[in-house]
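**Q** Pasting a structure here, questions to come.
No lab work stands behind these numbers, since they all come straight from the coordinates. Here the structure is a predicted model, which means the values were calculated and not measured. With ideal geometry, Cβ positions are generated from the backbone for all residues, glycine too; neighbour counts draw on all protein chains shown.
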Amino acid sequence: MAAPTTGELAVLQQFRDEVHDVLPNLNEYRQTDAWLLRWLRARELDIGKASRMLRRSLEWRDQEKINDILSWEPPNILMEEFGMKLSGFDNDGSPVGIVPFGDWDIRKVIEMRRKDIFVKYIDFLFEIALHLVERRSTKEKVLTQFVLIMDLDRFSFRQIASRETIDAIFEAIKRFEANHPETLKAAYLINAPRIFAYLFSFIKPLLTARTLDKVQIFGSNGSFKPVLLKTIAPDQLPSEMGGCNTSCTNYTVKDLNELLDNPIQCDDFSEADMSAITVDSGKKVALNVQVPTPKSRMSWNFKTEKHDIGFAVVSPCNEALVHVSRADANTCVQKGAIICESAGTYQIIFDNSFSRFRSKHVRYAVSVNKPLDLDLIK
């Protein structure tokens, strides 16, 4: 969020006086200038309107028990089918969240008469994002915003053919606009099919002008990649979105806290450490990796001389732990790391089956560190 102007700082002090009675109920982070300024900017520095907005939101949080929502365990169907990812952080340190919205079968949940649970789950996801923002903040640099990337690939007409589904989406958006003003730094809606324009035409009136200015919509031609890379480093973006993070996965609240406290480190390999293989057109190459001890960390780097390539990591029980359909390994070294839950033979797979004519020359390196090794490093 942009630094406050001299005029905003003057209004901010008046706003503090206006809401002085509620400030003692807020934690230290929510009493900062940056956090309070959000409400003023959302209401164009109108102190009265900003005060009413803040007070209503605090009442809503009490009524809906939002302050305790991170201890809630959503039903398995929501956790399994409505995933989210933390890709990394933008150049300013704001979290970058990825939602595979095109894969979300919202209608399925609504037809199970679970609209209230779905809306609560969206509240839950926003609280996760804002929890991360708060945790990343310091006294010297207070963060208040996150970046959202919504992947609309495979979004279908079936979702918007249901009035109840649209109503649920609308309610979730209204709750966000009313209670989390100016927390959205940027929204990139990528791989949008034509049918999505129909849904967005109904969503636009629900968004403030400030929010709309932060939304960019892209088709499926990859034009979003250079735009994302302007403000997000390659190692903070998934490979399929133009970055080099091959191990960007879905996370729960517990996982995210663990990720912040003890991030999984990916090794950097020198050119001399790398081996070379050629993956013929229309083929795959599978490399066995022995993991002798459970909870070991497997780390990898790879790159190609030209063109993209698919990549996967498969567990001993044939579960795809990592899957990237096409990584731009010719533009930057692709990196990743996972914790191997069990010992056994894992496979690293380079997939060129989508290419009918081009072979791919790949250089790669893989390492496995036992849990004891990680403890010694710490």
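**Q** Can you tell which of 177, 319, 134 shows the greatest fluctuation in a Gaussian network model of the chain with Cα springs below 10 Å?
**A** Residue with maximal mean-square fluctuation among 177, 319, 134: 319.
**Q** Calculated FRET efficiency, residue 342 and residue 56, Cβ-Cβ r, R0 45 Å, to nearest 0.05? Each step should come with its number before you reach the end.
**A** Details: r = 50 Å, r/R0 = 1.11.
Between residue 342 and residue 56 the formula returns 0.35.
**Q** Which longest uninterrupted range of the chain lacks any chymotrypsin sites (Phe, Trp or Tyr not before Pro) assigned by DSSP to a loop state (not H, G, I, E or B) and surrounded by at most 16 other Cβ atoms within 10 Å?
**A** Working: sites that count: 72, 354, 357.
Counting only loop sites that pass the neighbour cut-off, the longest clear stretch is 73-353.
**Q** With the cut-off at 1.5 for a/c, could you classify region 67-261 from its C-alpha gyration tensor as rounded, prolate or oblate? Before the final figure, lay out each step's value.
**A** On the way: a/c = 1.44, a/b = 1.18, b/c = 1.23.
The shape class here is rounded.
**Q** Name the residues whose placed amide hydrogens come within less than 5 Å of the amide hydrogen of residue 296, ignoring near sequence neighbours (fewer than 5 apart) on the same chain.
**A** Residues meeting the criterion, in which the H sits 1.01 Å from N, are 340.
**Q** OK, next. Pick from 73, 271, 127 the residue whose mean-square fluctuation is largest in a GNM of the chain, springs joining Cα atoms under 10 Å.
**A** Between 73, 271, 127, it is 271 that shows the largest mean-square fluctuation.
**Q** For a 26 Å ceiling on Cα separation, which of these pairs sit above it: 85/230; 185/295; 85/295; 85/225; 139/185? Before the final figure, lay out the partial values.
**A** Details: 85/230 20 Å; 185/295 36 Å; 85/295 22 Å; 85/225 18 Å; 139/185 20 Å.
In this structure, 185/295 lie more than 26 Å apart at Cα.
**Q** If you don't mind, another one. For the chain, list the DSSP H helices whose alpha carbon atoms reach 30 Å or more along the long axis and whose average Kyte-Doolittle value is -1.0 or above?
**A** The qualifying helices are 115-136.
**Q** Which of the trypsin sites (Lys or Arg not before Pro) found in region 1-95 are in a DSSP loop and have at most 14 neighbouring Cβ atoms, other than their own, within 10 Å? All intermediate terms of the calculation are to be shown ahead of the outcome.
**A** Values: sites: 16, 30, 38, 41, 43, 49, 52, 55, 56, 61, 65, 85; in loops: 43, 65.
Of the trypsin sites (Lys or Arg not before Pro), the ones in loops of region 1-95 whose Cβ has at most 14 other Cβ atoms within 10 Å are 65.
**Q** Jot down the radius of gyration and Dmax of region 6-64, Cα atoms only, both in angstrom.
**A** Values for region 6-64 (Cα only, Rg and Dmax): 10.9, 36 Å.
**Q** May I pose another question? Run down the lysines and flag those whose C-alpha is under 16 Å from the C-alpha of residue 174, throwing out any fewer than 8 positions away in its chain.
**A** Partners found: 115, 120, 204.
**Q** Roughly how far apart, in whole Å, are the Cα centres of region 263-301 and region 27-67?
**A** One Cα centre to the other: 48 Å.
**Q** Under a crude label model (7 Å from the Cα following the beta-carbon direction), how far is residue 21 from residue 212 in nanometres?
**A** So the two model labels end up 3.6 nm from each other.
**Q** Run lengths n ≥ 4 of DSSP H only: what is the helix-derived mean residue ellipticity at 222 nm for the chain, with -39500 (n - 2.57) per run over all residues, to the nearest 500? Walk me through the numbers before you get to the answer.
**A** Details: 13 runs with 133 residues, N = 378.
Calculated from helices alone, the mean residue ellipticity at 222 nm is -10500 deg cm²/dmol.
**Q** Okay, moving on. Remind me, relative contact order of the chain in percent, using alpha carbon pairs under 8 angstrom and six or more residues apart?
**A** On the way: 647 pairs, mean separation 52.4, N = 378.
Result for the chain is 14 percent.
**Q** Right, here's the next one. What do you get when you divide the Cα radius of gyration of the chain by 2.2 N^0.38 Å, with N the number of residues?
**A** On the way: Rg = 22.7 Å, N = 378, 2.2 N^0.38 = 21.0 Å.
Rounded to two decimals, the normalised Rg is 1.08.
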